[in-house]
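Since the structure comes first, as structure tokens, the remarks are kept for the end.
The values are calculated or read from the model by the stated rules, or taken from the named source; none is laboratory data. What you see is a predicted model; the values in this text were computed from it and never measured. Methodologically, a virtual Cβ is constructed for each residue, glycine included, from the backbone with ideal geometry; neighbour enumeration extends over all protein chains shown.
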Amino acid sequence: MKAITTLLAITLLSWATWLSAQNNCASGRYAEPVFTCVDVTPNITYGQGRQNWSTTNLLCQHGNLPPYNGFQTLLADLYEPCNDTETARPLIIAIHGGAWATGNKADMAPFGQAMARRGYVVASISYRLSITPNVLCFNAEVDRIKMVRAFYRAMQDAKAAVRYFRANAAQYGIDPDKIFVGGHSAGAFTALGAGYLTDDSERPAETFVQNSCGNWLGQLICQDLGGIEGEGGNPEVSSAVKGVIPMSGALTEMSYLDGPNDPPLLLVHGTADDVVPYQSGCVLQNLGPLFTTCIPVFGSARVFTYADSIGMDVELLTLPGGGHGFTAAENDTIIAHTTRFLCCRLNGGNCATVSAHEELVSAPGFSVFPNPARDELVVRTASAGSWRACLYDAGGRLMECRSARHSDTERFDLNNYPSGIYTLRFSHEGGTQAVKVLKQ
């Protein structure tokens, strides 16, 4: 009896701790958009990057000719909640996409705005673009060497951004121990590198001297790119991060992931991404003549499986049928999941409310969003036929059902429901399936 009582006490304590973490992440700052406006400070110089040359055509270069004595100024746009009195806020380094050939730090403005309204500080950074976007260049074709070198330069710049804001944390009202990094597409690759490529012994072979690239007046075009930290500034400061959030990204090497002591990881990926594979395969092949060579990578689903197997704190948000970019509804869901992921780590624990691998919905042909939800839950299907969706509370009590025949959308009004975990069960011609839903 004593053993049972002890077990019960431990169970109750565990639930109390879990619910406390959930409550900390269910409302208020870092969980909801509690700020009505955002202050934006553009073009903060956070470092420098040695200029490079990506082709042997003068009309196509991104930087200087060898021997690369010039440096590019690296800039960041800072998003902060307006009228904020907090002086130790979490920072997210946000990295735009564009295949390391194009894109702009302004591309991450919607993400910066959304997260700043929740109390975070977001630094959307520029970085060195090393792949020429000009398809007229005779050697614009991208192979693995060029792609990995482009990724590596961007990663060095992202690490420089982390070091800069950590070194100047007091100036920007940032907690130097709560710096996260995330990005989309090429920015997701870069974020993964910034978070997990942490030792010079892990340097990709492509980042050393490459004689195959040729030379310019006796100077090698593909020179050694240097150590993982680069030359961006603040070399005495750590570039370690507290978590990584790659969206539509992948790894070229699984060996960057080490084990349970790695920073927590939230992967976001659509299953129909035709630019970066959800599982594994060739990257960027739908972008035209720049990418006709197969460059194999490991997509988010493969990264999740491996990271989970080595004991990392990892979650995967799968967007069924989602492409490389995101719809408005998918963006809402991504912001909600990102908020929960960050907030829970800030509160000292993994507050995942469903399985670590979470889909918008587990029933094929259906989508449920947003999840977590606050006011409304939308159920949508692309398939014809009759279906029924019922919502149950954590105790298994039926709350309400929605039925449809040849209708693609139904909505649940959640305003009168308390915060907590619910189960949404689908009954359709293919059977019955269920998905967990968090009501904030």
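List of remarks:
- Subset of segment 76-119 (residues that are aliphatic (A, V, I, L, M) and closer than 21 Å to Ser248 by Cβ): Ile92, Ile93, Ala94, Ile95, Ala99, Ala101, Ala106, Met108, Ala109, Ala114, Met115
- Checked against (1) more than 22 Å from Gly270 (Cα to Cα); (2) modelled with pLDDT of 95 or more, Thr207 passes all but condition (2).
- Matching residues, segment 300-343, being touching a strand residue (DSSP E or B) at 6+ places or on another chain (Cβ under 8 Å), hydroxyl-bearing (Ser, Thr, Tyr) and buried (at least 20 other Cβ atoms within 10 Å of the Cβ): Ser300, Thr318, Thr333, Thr338
- Checking each residue in segment 397-416 for being at pLDDT 80 or above and either buried (at least 17 other Cβ atoms within 10 Å of the Cβ) or among the aliphatic types (A, V, I, L, M) (or both) picks out Met399, Arg402, Glu410, Phe412, Leu414.
- Leading residue by the ranking (farthest from Ser126 (Cα to Cα)) among those in segment 175-218 that are surrounded by fewer than 19 Cβ atoms within 10 Å (Cβ to Cβ) and hydrophobic (A, V, I, L, M, F, W, C): Leu217
- Output for segment 387-396, where each listed residue is more than 33 Å from the chain's Cα centre (by Cα) and at pLDDT 75 or above: Trp387, Arg388
- Against the conditions (1) without any contact (Cβ under 8 Å) to a residue 40 or more places away in the chain; (2) within 13 Å of His269 (Cβ to Cβ), Ala328 satisfies every one except (2).
- Residue within segment 219-234 that is out of contact with any Pro (no Cβ under 7 Å at 6 or more places or on another chain), surrounded by fewer than 20 Cβ atoms within 10 Å (Cβ to Cβ), outside any loop (DSSP other than H, G, I, E, B) and modelled with pLDDT of 95 or more present: no
- Comparison of Ile179, Ile95, Ile145 shows that the only residue that is farther than 19 Å from Leu284 by Cα and touching a residue at least 12 places away in the same chain (Cβ under 8 Å) is Ile179.
- Residue check, Val297 assigned by TED's automatic domain parsing to the domain that holds Asn64, closer than 30 Å to Thr45 by Cβ, buried (at least 16 other Cβ atoms within 10 Å of the Cβ) and β-branched (Val, Ile, Thr): no
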